[in-house]
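> I'd like to ask you about the structure that follows.
Just so it is clear, none of the values below were taken in a lab; they were calculated from the coordinates. The structure presented is a predicted model; accordingly, all values stated were derived computationally and were not measured.
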Amino acid sequence: MNSRRAKEILFFYRPGSADRDDPEFAPALELASHDPELAAWFEQHCALHQALRSKFKQLPVPEGLKEQILSERKALTARHAQRKSALLAAGAAALFLLIGIGAWYLQPPPDNSFGAFQSRMARKVLREYPTMDLATDDLGQIRQYLARNGPHGDYVLPKPLEKTAGTGCAIFPWHGRSVSMVCFNSTKETTPKGPDLFLFIVDRSALAQAPAANSPLFTQIKSLATASWTSGDKTYLLAGLGNEQFLKQYLGTAGN
């Protein structure tokens with residue numbers, strides 16, 4: 001985990017709450033304890049939260065609110081209450097504006113590194129189980145759909161993947177850019193239930209530190225093996241529920 005990713009996580013941290021014991025925040029908090037720049041940013045983030053919380057607590061309750069609810073007030077009292085409510089509304093609006101400015105100031109820039117992209121796509125497979133826009137085993141229909149609805153209809157598949165059964169595809173956003181996903185079933189099980197190979201395609205220009213080589217680079221993320229490479233103006237990430245050897249047979253590198 002790098003400092004930018006840690007800021008994205010800690011942006012949602014609420015000081016003085018149960019978040020400090022939440023395992024989702026643990027890696028980012030650990031990094032902040034060793035990174036002076038991240039620690040300074042996190043201290044500022046917590047200070048702003050505490051200041052805003054204090055301001056909320058100081059908001060006064062309008063006088064006569066209970067009486068106004070229970071019974072009618074005289075016209076003069078009603079006009080006075082209206083003026084007071086207007087002042088409170090203006091104060092609340094200013095406070096919310098302050099919150100918006102603070103949130104904008106503290107929000108870290110989007111992490112468009114290849115590592116962040118790889119991590120997000122892995123979570124999509126392992127936690128969310130990707131939803132397909134088009135369900136079909138026809139790779140030709142999949143290519144046509146992606147060409148009509150996104151920028152990646154001219155993608156190039158490794159030869160073994162061209163012979164692998166497709167299950168569908170989808171297009172979804174990532175930091176303002178489009179990602180195309182082509183799903184396959186390896187049929188490694190006698191009764192396959194769904195896709196177990198996921199090819200993600202994104203413009204090379206959308207990523208920082210994109211893989212430069214055509215030869216795939218392998219990474220294991222829990223039960224998911226990934227292979228990444230760049231060809232032309234596109235970067236590819238193949239993810240499969242297995243290990244590196246499992247993926248190599250779909251990349252034409254099984255003997256390497």
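> Would you mind checking the pairs Lys7/Lys124; Lys124/Lys159; Lys55/Lys124 and listing those with alpha carbons more than 28 angstrom apart? All intermediate terms of the calculation are to be shown ahead of the outcome.
Working: Lys7/Lys124 21 Å; Lys124/Lys159 25 Å; Lys55/Lys124 39 Å.
Correct reply: Lys55/Lys124.
> What are the ³J(HN,Hα) couplings of the stretch 17-27, residue after residue, when phi is run through the Karplus curve with 6.51, -1.76, 1.60 and θ = phi - 60°? Round to Hz, x for glycine and proline.
Residue by residue, the stretch 17-27 yields 10, 6, 4, 5, 9, 7, x, 5, 8, 4, x Hz.
> Next question. Can you list residues whose amide H is under 5 Å from Ser113's amide H, if they're 5+ apart or on another chain and H is modeled 1.01 Å from N?
So Ser113 has HN proximity to Ala208.
> Return the aspartates and glutamates within reach of Lys222: Cα separation strictly under 13 angstrom, same-chain partners fewer than 8 residues apart disregarded; answer none if there are no such residues.
Glu244
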